[in-house]
């Protein structure tokens, strides 16, 4: 068995465990810091929305040997055309064509950009196809994308509430999904990648992936906390065990998903320059990586926090604290040493006389003897025997003997 297999088995059985739940301040601080950086990036740098959301002009020019190098030459020529709306032009390749996307232009600016493109690509005017996308249409697309995300989150809440029959799990899963969306948007703001409909599609896909991972962890938590009195664990301990039991699976699933998406991102961003592919790949790559983090660390931690005020959870914690205070019942039993004093005779008697004990210097063995005092409050008064008392062979001690009726009274 390999090291990874042994580690997975130790995590599942609880012989080895990583604390993901109890360190609330640490994990909340790390998560809050990452989310704060994402918000700073969103408010300071902002998102680079594509013309599908803001409106603009797109030029499609045929090219026999379309490559990313040729697209970059076209972009430099368009940026130097003197048109302010074309300074942040985006150029990509699509088959045997070069696509140039700029902000909305008027007729004169369109002719200037077309001329700049023809300085690099020697094509006639009829081969340069121009399409306009109005700002109102782009705003409608943006509104529909936001609506799609909201509908998805609502359906997630309903699904988890019906599946687990626990609204607190729905809230914890929603917090994890919002965390994933905010960080992914912050990475888009830092990278400067355009936000296109393909990016929104990738965002919805990674939300589904993160939700799937969270549901697996929550299902294991529900299994471990079905009978907390029987397993003698607190809710936090059972939840942390569930996270460790699913840790190897979460990491392996995330790595398997990230490797091909990372390859697509590298090829599309560095070699092909296809914006639709790189936007889709970036959102999925960042979202899946963040989704593994949120499903392992954030969602279980929030769930434990929400469940901490329930009476059953508090009772389990009190039982655990009582067991910790009691400790080992045999821990206070003294160990035998050679010179320890003898305080009592376990056999109920001794073999030496008092004079011999005093002569030998051995401490006198104390032995409790019943008192026969008749004074009230000073022991038990032994009653008189009603019948002869003889030693019984079956019991090994003196017992009252019973005579047959024919000999009684004689």
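Where a number appears in this text, it was derived from the coordinates with a stated rule and is not lab data. Just so you know, these numbers come straight off a predicted model, no measurement behind them. All Cβ positions, even for glycine, are placed from backbone atoms using ideal geometry, and neighbour counts span all protein chains on display.
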Can you report the principal axis dimensions of region 56-133 using only the alpha carbons, biggest first, rounded to whole angstrom? 30, 22, 22
For residue 130 and residue 88, what is the calculated FRET efficiency with R₀ set at 25 Å and r taken between the beta-carbons, to the nearest 0.05? 0.85
Taking a virtual spin label 7 Å from the Cα of residue 48 along the C-beta vector, which residues in region 167-189 bring their backbone nitrogen under 18 Å of it? 184-189
Please identify which residues in region 223-248 have an amide N closer than 13 Å to a label point set 7 Å out from the Cα of residue 308, following the Cα→Cβ vector. 235-237
Once you place label points 7 Å from the Cα toward the Cβ at residue 390 and residue 73, how far apart are they in nm? 13.1
Expressed as a percent, the portion of alpha-carbon pairs in region 173-314 spaced more than 21 Å apart is 47
For residue 39 and residue 251 in one chain, what is 0.36 nm times their gap in residues minus the Cα-Cα distance, to one decimal in nm? 73.6 nm
Along the Cα→Cβ direction, 7 angstrom out, place labels at residue 191 and residue 232. What is the inter-label distance in nm? 5.1
May I ask you to derive the FRET efficiency for residue 178 and residue 29 from their Cβ-Cβ distance with R0 = 22 Å, giving the value to the nearest 0.05? 0.75
